[in-house]
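I have placed the structure first, in the form of structure tokens, so that the comments after it can refer back to it.
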Amino acid sequence: SSGINAEYGGMNQEEKIVLKIIEESGNKGIWVKDIRFKSNLQLTQLNKVLKVLESKKAIKSVRPVNDSKKKVYMLYDSKPDSSLTGGAWYNQSDFETEFVDILGRQVLTFLQRQRAHAEVTHSDPMAAQRNMMVDIKQVKNFISQLGISKVELEEEEVKQILESLVFDGFVCRTYMLGEGGKRITFYRAIKHQPLTSGLSRVPCGVCPLLSQCTPGGQVSPNSCVYMKEWLMF
């Protein structure tokens, strides 16, 4: 905004007002009708001001991916919010289906390798499970190292890939507490299982001794063979 402040000196009052309004909209931009409402300028007058500001490269217009017939205005150097551009998944207004599929397969392969390595190096099921889990930052770094994305993915976009794999049943999501009690999301590859309810997938859901099972008891989750086998899935 220091560059914008320098530009104010060569602008008339109307241009300064409009530029200030656009600046306040941030990287999500602002519609012409909203600029008109806030500036109290007539449409023809406002259009002239917008053209002048665009010619000075003080502002730019962006057409949202979900409504390409309209456009919003923002500061020239602003990076448009992903809600406008569709993020990495869109090229102009076209959804990059093939790109998303390739990334999904690569991420799944990465998680499956993590799982396989954890199973080989850790005989204890609990230790193996912990070591096969990865967080969003690790997956983001992996994608960056692949070099197949033209733009650097945001963590939210990486999360979208992982969540789609969770939805499809390839990946499991879990949470752990990090520094300061902050909840961190982790993901791990799972093996395909029959399409049954979540409860019946857990051994406890179909165990006839469930009512007798207590930690430290004769029937206990700590010594349960079925629980240990399930944790490896």
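Taking the stretch 138-153, which residues are under 14 Å from the mean Cα position of the chain (by Cα) and surrounded by 14 or more Cβ atoms within 10 Å (Cβ to Cβ)?
Residues satisfying the conditions are Q138, V139, K140, I143, L153.
Could you list, in sequence order, all residues of the stretch 150-205 that are at pLDDT 85 or above, assigned to a helix (DSSP H, G or I) and among the basic types (K, R)?
Residue satisfying the conditions is K159 alone.
Restricting attention to the stretch 42-66, which residues are of a type outside the set (V, I, T) and outside any helix (DSSP H, G or I)?
Listed by number, the residues that qualify are Q42, K56, K57, A58, K60, S61, R63, P64, N66.
Across the stretch 154-176, which residue is nearest to the chain's Cα centre (by Cα) among those that are open to solvent by less than 90 Å² (accessible area, probe 1.4 Å) and over 22 Å from E98 (Cα atoms)?
Among those that are open to solvent by less than 90 Å² (accessible area, probe 1.4 Å) and over 22 Å from E98 (Cα atoms), it is R173.
Pairs please, first residue from the stretch 25-44 and on the phi > 0 side of the Ramachandran plot, second anywhere and of a type in the set (A, V, I, L, M), Cβ atoms under 7 Å, 6+ apart in sequence or on different chains.
G29/V62; G29/V72; G29/M74; G29/L84
The values are calculated or read from the model by the stated rules, or taken from the named source; none is laboratory data. Computed from a predicted model, the values in this text were never measured in an experiment. Please note: Cβ atoms are built from the backbone with ideal geometry, for glycine as well, and neighbour counts cover all protein chains shown. Protein only, heavy atoms only, side chains kept; ligands, DNA and RNA dropped before computing areas. Shrake-Rupley method; radii C 1.70, N 1.55, O 1.52, S 1.80 Å.
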